[in-house]
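Student: Below you'll find the structure I mean.
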Amino acid sequence: MAGTFDFSVLLQSADPNVLAAFEQAIQLAPDIRLNRINPLRFAAEHELDPAKTIAGFLYATQQGIFELSWNVVCPTCGGVLHAAVSLTDINQGRYTCALCASDCEPSLDETVEVTFTVDPRVRTIQAHEPEALPLWQYMRQCFWSSGSDLPDDLEPFVSDAVLEVFEIGPGASVERSVRLESGAAVLFDPVTHRARFLQIDGSASAGSQRIEIKIEDTGPAEPLSASSGVVDLSVTNRTQHRVLPILWTVGPALKQIVSGRVPVLTASRLMSSQSFRDLFGSKVLDVNQRFKITRLSFLFIDLKESTQLYEDVGDLAAYDFVRAYFLLVQEIVTLQGGAVVKTIGDAVMATFLSPVQCVTAALAMKNGLRDLNAQRGGRPQAVRIGVHSGPCLAVLMNDRQDYFGQTVNIASRLQGVSSDRILMTRAVADDDDVRAYLKRCSLELEGFRERLRGIDAEFPLFAIRT
């Protein structure tokens, strides 16, 4: 059942084309398309700008149209190991995927995705009551992630890899006769995330075989063995809720099913969105959490000799210039898909997903500042810019989401020695997209070595010749 919502209240903050797509989807899309929506896929299907689409989902979530979910995803099979309404509800330990018997450590740019589901007050869908979903729809909508490249109708797609399926109520048992061939199989329940592996040897069984499996919320799950042939399989549900175990053949068919992927909105990308920082940035992490990001790009920019600026033109004119400078930096960061993390005096720290976004923003800032200088006349005001990319930790510092680690330190040190240049590290200069962008702009890099404060050895650096 669809409710009503006046999307016009969002027109001042969100893109009208995105809002029109939301309204159409809520009115006409099948239920499955409104559960765990992948914003990047939604943007592609509706020919929308991805950044504006992400921002639209955030503004709509703030208004209660969608619910946001942070999902820890197994990198091997694409299954959702844990879904949380807040990143604070995700622990920093390892999650185990029972289906593929592998461990997963939450990483904000690799294993934590963000999805959106329509709020039940706007429209009720089947996934709002997952315990009532049919088996294959439960597997499709509640187990596999938004990055799994799977059809809406899952059952015929997976038939080659499935030996048997069960739907078992609390405390009940079901018995089936199943023919097992040499190799391996796994009985996996997507509700409890419990699994039992079966190793089947090639010798045919001389008599009848019986295997009993109990599905419980906790406890050990040792592998079982059997011989090729017919097995009487008894599965008992020892939990207080319905379970939906599926007996899979472990082999090429299952591997092909779980290997298909599409791009997703990662937690790292969302947290590098200015809209997200403006709307939710102070609520995303707990003070004791430190999540890994394998790669994020940082830009630091600072006004050079800003104290002298106040001496030269006076407080009022200097304030107006600095205010225009901050607005310029903020606008360029947002335009390039990044986010301003914080300001430190006249310095700005910003994050981007990729090095080329950093470099593009840095050049735009230099050009924009040149225009500001021309507008006010007088002595040109220079800026120092440093760009670096690498691993870091997402943390909560001073009641705001921030970043910590050597990558951040190096980027900050670069800005300190840049002296009216755009400086970058080898991690940025060697990036293929950066090289291609500089070539298109007919720009070259000048390499040198510099000792950075707090780093023992001289550091290889590169400056853009402008």
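Student: Working only within the stretch 36-63, note down all residues that are touching a Gly at 6+ places or on another chain (Cβ under 9 Å), farther than 23 Å from Gln137 by Cβ and part of a loop (DSSP other than H, G, I, E, B).
Tutor: The one that is touching a Gly at 6+ places or on another chain (Cβ under 9 Å), farther than 23 Å from Gln137 by Cβ and part of a loop (DSSP other than H, G, I, E, B): Leu48.
Student: Residue by residue through the stretch 291-323, note down the ones that are outside any strand (DSSP E or B), surrounded by 15 or more Cβ atoms within 10 Å (Cβ to Cβ) and at pLDDT 85 or above.
Tutor: Passing the criteria: only Val322.
Student: Next question. Please return the ranges of strands (runs of 3 or more DSSP E) entirely within the stretch 67-161 where 3 or more residues are within 17 Å of the chain's Cα centre (by Cα).
Tutor: Values: elements: 80-84, 95-97, 102-104, 112-118.
So the answer is 80-84, 112-118.
Student: Looking only at the stretch 426-450, which residues are among the aromatic types (Phe, Trp, Tyr) and at pLDDT 95 or above? Even if it seems obvious, please write down each step before you answer.
Tutor: In the first step, residues of the stretch 426-450 are kept if they are among the aromatic types (Phe, Trp, Tyr); the result is 437, 448.
Once the filter is applied, which keeps residues that are among the aromatic types (Phe, Trp, Tyr) and at pLDDT 95 or above, the stretch 426-450 yields only Tyr437.
Student: From the list Val395, Val383, Val387, which residue is closer than 14 Å to Val329 by Cα, buried (at least 17 other Cβ atoms within 10 Å of the Cβ) and either without any contact (Cβ under 8 Å) to a residue 24 or more places away in the chain or touching a strand residue (DSSP E or B) at 6+ places or on another chain (Cβ under 9 Å) (or both)? Before the answer, list the steps.
Tutor: Numbers: Val395 fails: closer than 14 Å to Val329 by Cα; Val387 fails: closer than 14 Å to Val329 by Cα.
Going through Val395, Val383, Val387 in turn, the sole match is Val383.
Student: Which one of the conditions (1) free of Cβ contacts under 8 Å to residues at least 40 places away in the same chain; (2) part of a strand (DSSP E or B); (3) surrounded by fewer than 20 Cβ atoms within 10 Å (Cβ to Cβ) does Ser234 fail to meet, given that it meets all the rest?
Tutor: Unmet for Ser234, out of (1) free of Cβ contacts under 8 Å to residues at least 40 places away in the same chain; (2) part of a strand (DSSP E or B); (3) surrounded by fewer than 20 Cβ atoms within 10 Å (Cβ to Cβ): (1).
Student: Let me ask you something else. So which residues in the stretch 237-275 are in a strand (DSSP E or B) and surrounded by fewer than 17 Cβ atoms within 10 Å (Cβ to Cβ)?
Tutor: To start, the set of residues in the stretch 237-275 that are in a strand (DSSP E or B) comprises 237, 243, 246-250, 261, 266.
Selection gives Arg261 alone.
Student: If you don't mind, another one. Of the residues in the stretch 365-394, how many are within 30 Å of Phe291 (Cβ to Cβ) and either modelled with pLDDT under 90 or outside any strand (DSSP E or B) (or both)?
Tutor: Going through the stretch 365-394 one residue at a time, the tally reaches 1.
Student: Based on this model, can you work out whether Val333 counts as within 31 Å of the chain's Cα centre (by Cα), in a helix (DSSP H, G or I) and modelled with pLDDT of 95 or more?
Tutor: Numbers: within 31 Å of the chain's Cα centre (by Cα): yes; in a helix (DSSP H, G or I): yes; modelled with pLDDT of 95 or more: yes.
It is true that Val333 is within 31 Å of the chain's Cα centre (by Cα), in a helix (DSSP H, G or I) and modelled with pLDDT of 95 or more.
Student: Could you tell me whether any residue of the stretch 7-22 is under 25 Å from Cys142 (Cβ atoms), modelled with pLDDT of 95 or more and buried (at least 16 other Cβ atoms within 10 Å of the Cβ)?
Tutor: Within the stretch 7-22, one or more residues are under 25 Å from Cys142 (Cβ atoms), modelled with pLDDT of 95 or more and buried (at least 16 other Cβ atoms within 10 Å of the Cβ).
Student: Given the residues Pro170, Pro190, which is the only one that is over 30 Å from Ala55 (Cβ atoms), touching a His at 6+ places or on another chain (Cβ under 8 Å) and modelled with pLDDT of 95 or more? Don't jump to the end; show me each part of the working.
Tutor: Working: Pro190 fails: touching a His at 6+ places or on another chain (Cβ under 8 Å).
Result of the check over Pro170, Pro190: Pro170.
Listed here are the residues, each with its yes/no results for (1) more than 29 Å from Ala267 (Cα to Cα); (2) of a type in the set (Phe, Trp, Tyr); (3) not assigned by TED's automatic domain parsing to the domain that holds Thr96.
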residue: Glu113; (1), (2), (3): no, no, no
residue: Thr124; (1), (2), (3): no, no, no
residue: Phe143; (1), (2), (3): no, yes, yes
residue: Leu163; (1), (2), (3): yes, no, yes
residue: Pro170; (1), (2), (3): yes, no, yes
residue: Ser173; (1), (2), (3): yes, no, yes
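The values are calculated or read from the model by the stated rules, or taken from the named source; none is laboratory data. Predicted, not measured: the structure shown is a model, and the values here were computed from it. All Cβ positions, even for glycine, are placed from backbone atoms using ideal geometry, and neighbour counts span all protein chains on display.
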